[in-house]
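The values are calculated or read from the model by the stated rules, or taken from the named source; none is laboratory data. Because the structure is predicted, anything quoted here is derived from the model rather than measured. When we count neighbours, we look across all protein chains shown, and the Cβ atoms used for this are built from the backbone with ideal geometry, even at glycine.
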Amino acid sequence: MNIYGIGVSALNAAQAGIATTTHNIANASTPGYSRQGILQTAQLPQNTGSGYFGQGVNVTNVVRQYDQFLSAQVLEAQTQSSNLNTQLGLSQQVSNLLGDSSGGLTTVLQDFFSAVNAVSNAPQSVPARQTMVSSAQSLVGRFQSLDQNLNQIRDGLNGQISASVTSINSYAKQIASLNDKIVQLQANSPNQPPNDLLDQRDQLVSQLSQEIRVTTLKQSDGSMNVFIGSGQSLVVGSQASTLRTVTSATDPSALEVAYYNLSSGTVSTIPQSSLQGGNLGAYLSFRQDVLDPAVNALGRIAMGLADTFNQQQQQGVDLQGALGGSLFALATPRVTPSSNNTGTGVLTATVTSTSALTAADYSVRFDGTNYNVYDAATNATIGGPYSVAAMTAGQAVAGTGITLQLTAGAAANGDTFLVRPTADGASVISLNFTDPTRIAAASPIRSNASTSNLGSGVIAAATVVPGLPLDANLQQPITITFDNPPTTYTATGTGAPVGPQAYTSGAAITINGWTTQISGTPSAGDTFTVTQNTNATTDGSNVLLMAALQTANTLANGTTSYQGAYGQLIGQVGSQTRELTVISQAQTSLLDQVTASQQAVSGVNLDEEAANLIRYQQAYQAAAKAMQIASSMFDTLLTLGQ
């Protein structure tokens, strides 16, 4: 009977081994499954006069092959890889959009200035002027189209953020539910872990980590607590908290992520800096680091072009002899008060220099006494503290190209305003007129030398001093008469300087907002005039200055042109995309390595399982043979008894 009992225990152990091995084979392709194996221990031996004889084997447990350290490495590598790959895909969309030779800004910008040059060659040609207006309309349309496409990507992010938050909440509920089941099962059988449920929970945590970076903490009762962000608890035991999407307090077009506290019932926004890793972190980082700067940079180009071109247009006269008006409509900075503000203060921003504009957004905060300006993305201090009096009068913020002004009400401590100087630049730009005759191709003034002059003095073409507004006396006639001896001259006319003026050949003479030069040796009594430019249909001097804006360094504090700024934008996004490509490839390789290490411990190897199956089968057969022998011996004993 002793041999028979040992055989039964061996048969049961082999059967358990076969069942476990078959379970492994069946789940070889199950995501998150960890290979299982049985633990065997020898039964207590029986003491006889001849020594201790074994009593067979016990199967004490079914364990999963699991390494917590390797699993934690996989989670971290996975959340980072998911984050980088998502950012890369989004950045490639922006890079392809801006860099497209047919859909980008470069071609239409060149076409526009080609049309401007054509007008300078034939300023009297209405068809040439019409082509310039049409090219300007195409340029405006391209700015608006690019901005619309970028903002469509931005709007799409709101949907992706919402979907990610929904997935996170779903995973959290499922993890909490599994926690409840695992705790109950382990309470009933403290030393028998429910391996398959543990695998399912780990797989859910793995899927959760693809959406957001998580940290986990296992409890003694078998449950697992899950934390996100800066320590917010997402799952505690069988209770799951939830995330929510809320409209940004300072940007109604953007969604932010908020945390719902189960214990207090309050909802609080989670700082973006705390939501790193996974798809959710990728969406937020991409919006802040790639998309919004691209929208702002495109808007800066549009505002810079509109402003500088308008200024030059207003310094000329059109085919009707009227001073030129603004060709392009120019955007104004967007200022949004936080919905959490308790004060009544109204803040406005105006552009004082399009050349000094940057692609940054600014956060203006009132601390109860003064206003301070910060970079909205990095929180770096930009300007301040500015007193209430200074803000009421209008405070220029150095290095930004804008002036802030408190126009009404009073701010309360903690009030915040988001200032986006160039965000609307590309969407708002448009044409103020489409009449080709209103293109101010000619100079508003002309300079002449009297035909009766006896000296060798020569007067250069008079040009308008850059900048607006124009001098009120700009087109008033001025006569310059050289005295005797001709080392001085006297200017007469409205706005002319009083008394003799020293003459230096080639030196600038500036009166009424125009400037010219007289060179050579005039004789006493020689006269030169600067008067209104009438019947100037063939004069293209002002449109030549417009054409020169194509290559002029008018942006970024006079360091780059329109095309140069657009090239910098393409280069910036392209550089970010290339960096993400390299880093994501390296991260994918790292993920593959740590996953391979983890699978070497936990993964199912079908060849190994096949060998185990044969081993347990042979053990089963051997145990059955032992039982057969025991039965035969028992039958023999019964026969002897007869």
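Couple of notes before you dig in:
- Among the residues listed as Leu139, Leu98, the single one being outside any loop (DSSP other than H, G, I, E, B), of a type outside the set (Ser, Thr, Tyr), surrounded by 15 or more Cβ atoms within 10 Å (Cβ to Cβ) and modelled with pLDDT under 95: Leu98
- Tally, over region 175-195, of residues that are part of a helix (DSSP H, G or I), out of contact with any Pro (no Cβ under 7 Å at 6 or more places or on another chain), surrounded by fewer than 18 Cβ atoms within 10 Å (Cβ to Cβ) and free of Cβ contacts under 8 Å to residues at least 60 places away in the same chain: 6
- Between Arg244, Arg300, the distinction of being within 29 Å of Phe417 (Cα to Cα), surrounded by fewer than 24 Cβ atoms within 10 Å (Cβ to Cβ), out of contact with any Lys or Arg (no Cβ under 9 Å at 6 or more places or on another chain) and among the basic types (Lys, Arg) belongs to Arg244 only.
- Selection over region 20-67 of residues that are without any contact (Cβ under 8 Å) to a residue 24 or more places away in the chain and part of a helix (DSSP H, G or I) gives a count of 2.
- Among the residues making up region 313-340, those that are closer than 15 Å to Phe433 by Cβ and assigned to a loop (DSSP other than H, G, I, E, B) are Gln314, Gly316, Asp318, Leu319, Gln320, Ala322, Gly324, Gly325, Ser326, Leu327, Leu330.
- Qualifying residue in region 226-236 (condition: under 18 Å from Ser162 (Cβ atoms), assigned by TED's automatic domain parsing to the domain that holds Ala163 and not hydrophobic (A, V, I, L, M, F, W, C)): yes
- Checked against the criteria, Leu217 does not count as farther than 28 Å from Leu84 by Cβ, of a type outside the set (Ser, Thr, Tyr) and either surrounded by fewer than 18 Cβ atoms within 10 Å (Cβ to Cβ) or not assigned by TED's automatic domain parsing to the domain that holds Ser82 (or both).
- Residue in region 576-584 that is part of a loop (DSSP other than H, G, I, E, B) and either closer than 30 Å to Asn24 by Cα or under 22 Å from the mean Cα position of the chain (by Cα) (or both) present: no
- Ser273 meets the conditions (1) in contact with a strand residue (DSSP E or B) (Cβ under 7 Å, 6 or more places away or on another chain); (2) not in a loop (DSSP other than H, G, I, E, B) in every case but one. The failed one is (1).
- Members of region 17-45 found to be over 53 Å from the mean Cα position of the chain (by Cα) and of a type in the set (Ser, Thr, Tyr), listed by number: Thr41
- The numbered conditions (1) surrounded by fewer than 22 Cβ atoms within 10 Å (Cβ to Cβ); (2) more than 18 Å from Val133 (Cβ to Cβ) are all true for Ala359 except (1).
- Out of Ala294, Ala306, Ala282, Ala258, sole residue that is in contact with a strand residue (DSSP E or B) (Cβ under 6 Å, 6 or more places away or on another chain), modelled with pLDDT of 90 or more and surrounded by 19 or more Cβ atoms within 10 Å (Cβ to Cβ): Ala306
- Positions within region 415-463 being outside any strand (DSSP E or B), buried (at least 18 other Cβ atoms within 10 Å of the Cβ) and of a type in the set (Phe, Trp, Tyr), in sequence order: none
Per-residue answers, yes or no, for (1) part of a strand (DSSP E or B); (2) of a type in the set (Ser, Thr, Tyr); (3) out of contact with any His (no Cβ under 9 Å at 6 or more places or on another chain); (4) surrounded by fewer than 18 Cβ atoms within 10 Å (Cβ to Cβ):
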| position | (1), (2), (3), (4) |
| --- | --- |
| Ala349 | yes, no, yes, no |
| Ser363 | yes, yes, yes, no |
| Asn372 | yes, no, yes, yes |
| Pro385 | yes, no, yes, yes |
| Ala390 | no, no, yes, yes |
| Asn413 | no, no, yes, yes |
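- Which listed residue, of Arg129, Arg142, is of a type in the set (Lys, Arg) and under 39 Å from the mean Cα position of the chain (by Cα): Arg142
- Of the residues making up region 597-642, those that are exposed (fewer than 12 other Cβ atoms within 10 Å of the Cβ), out of contact with any helix residue (DSSP H, G or I) (no Cβ under 9 Å at 6 or more places or on another chain) and in a helix (DSSP H, G or I) are Asp607, Ile614, Ser632, Asp635, Thr636, Leu637, Leu638, Thr639, Leu640, Gly641.
- Ala536 of a type in the set (A, V, I, L, M), at pLDDT below 90 and surrounded by fewer than 18 Cβ atoms within 10 Å (Cβ to Cβ): no
Here's the yes/no breakdown for (1) in contact with a Leu (Cβ under 7 Å, 6 or more places away or on another chain); (2) within 26 Å of Pro469 (Cα to Cα):
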site: Tyr489; (1), (2): no, no
site: Tyr503; (1), (2): no, no
site: Ala508; (1), (2): no, yes
site: Asn512; (1), (2): yes, yes
site: Ser541; (1), (2): no, yes
site: Thr560; (1), (2): no, yes
site: Leu580; (1), (2): yes, no
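- Residue match in region 1-12 (condition: at pLDDT 90 or above, aliphatic (A, V, I, L, M) and part of a helix (DSSP H, G or I)): no
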